[in-house]
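Student: This structure is in structure tokens; I'll ask about it shortly.
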Amino acid sequence: MAIRRLLKALAVLVAFAISLLGCRDQRALTPGDTNEIRNLVQKAQRKHVRESYGELAYQCFTEQDYQAFDREQRAHSISSNLKANRKFMEAVLSLQQKSPADRALLINDLRHPLRPSWAQLGQVSKEGQTEAGRRAELDIANAVADLVSQLCELSPGEISNVFNQR
């Protein structure tokens, strides 16, 4: 008898958990912190472009790594996935409310790699990046900046629709 009740309770719990999987955050977007855009760009650059600290292939982001990154269109994929990020979309809403000059300034400020190249530093170190890694970081930054620019052309309602279609 106790086992039957336990199985019934477990079945209800599993059904509830499954129903939650289909639930999305339906709260309305509200303007957020525009600095979040830069934070998310840098987070993506760190995540998708391996830190380079030496010249051997396993120690750095190589040209082969970049070719795969480019072929798989990872920068586009990264930026596209941000459409489902509440903080990102709320930051875009906030940016949209700024003057066109302020928007352009912030968007252009996004278009930078995370780290300088080893050539710029004049040494091989983890503070810098290979040329291939720098290109990948720049690709991510430009893809996100392009997306932000496109989203700022939409109305707040259209931005919410983009977020809710994820």
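The values are calculated or read from the model by the stated rules, or taken from the named source; none is laboratory data. For clarity, every value in this text was computed on a predicted model and none was experimentally measured. Quick reminder, even Gly has a Cβ in these numbers, built from the backbone with ideal geometry, and neighbours come from all protein chains shown.
Student: What number of residues within the stretch 92-142 satisfy the criterion of being acidic (Asp, Glu) and either touching a strand residue (DSSP E or B) at 6+ places or on another chain (Cβ under 8 Å) or without any contact (Cβ under 8 Å) to a residue 12 or more places away in the chain (or both)?
Tutor: Of the residues in the stretch 92-142, the ones acidic (Asp, Glu) are 102, 109, 127, 131, 137, 139.
Adding the requirement that they be either touching a strand residue (DSSP E or B) at 6+ places or on another chain (Cβ under 8 Å) or without any contact (Cβ under 8 Å) to a residue 12 or more places away in the chain (or both) leaves 102, 131, 137.
Here the count works out to 3.
Student: Within the stretch 121-131, which residues are surrounded by 13 or more Cβ atoms within 10 Å (Cβ to Cβ) and either of a type in the set (S, T, N, Q) or closer than 26 Å to Arg166 by Cβ (or both)?
Tutor: Ser125, Gln129, Thr130
Student: Are there any pairs with C-beta distances below 6 angstrom linking a residue in the stretch 148-160 that is surrounded by 15 or more Cβ atoms within 10 Å (Cβ to Cβ) to a residue that is assigned to a helix (DSSP H, G or I) and of a type in the set (Lys, Arg), with the two at least 6 apart or on different chains, and if so which?
Tutor: Within 6 Å, the pairs are Cys152/Arg103.
Student: What residue, of Glu137, Glu153, is acidic (Asp, Glu), over 14 Å from the mean Cα position of the chain (by Cα) and farther than 17 Å from Asn35 by Cβ?
Tutor: Values: Glu137 fails: over 14 Å from the mean Cα position of the chain (by Cα).
When all the criteria are applied, what remains is Glu153.
Student: Which residue out of Asn85, Asn142, Asn81, Asn108 is exposed (fewer than 12 other Cβ atoms within 10 Å of the Cβ) and either within 18 Å of Arg38 (Cα to Cα) or β-branched (Val, Ile, Thr) (or both)? It would help to see each step written out before you state the result.
Tutor: Details: Asn85 fails: exposed (fewer than 12 other Cβ atoms within 10 Å of the Cβ); Asn142 fails: exposed (fewer than 12 other Cβ atoms within 10 Å of the Cβ); Asn81 fails: exposed (fewer than 12 other Cβ atoms within 10 Å of the Cβ).
Going through Asn85, Asn142, Asn81, Asn108 in turn, the sole match is Asn108.
Student: Is it the case that Arg38 is modelled with pLDDT of 95 or more and surrounded by 14 or more Cβ atoms within 10 Å (Cβ to Cβ)?
Tutor: Numbers: modelled with pLDDT of 95 or more: yes; surrounded by 14 or more Cβ atoms within 10 Å (Cβ to Cβ): yes.
It is true that Arg38 is modelled with pLDDT of 95 or more and surrounded by 14 or more Cβ atoms within 10 Å (Cβ to Cβ).
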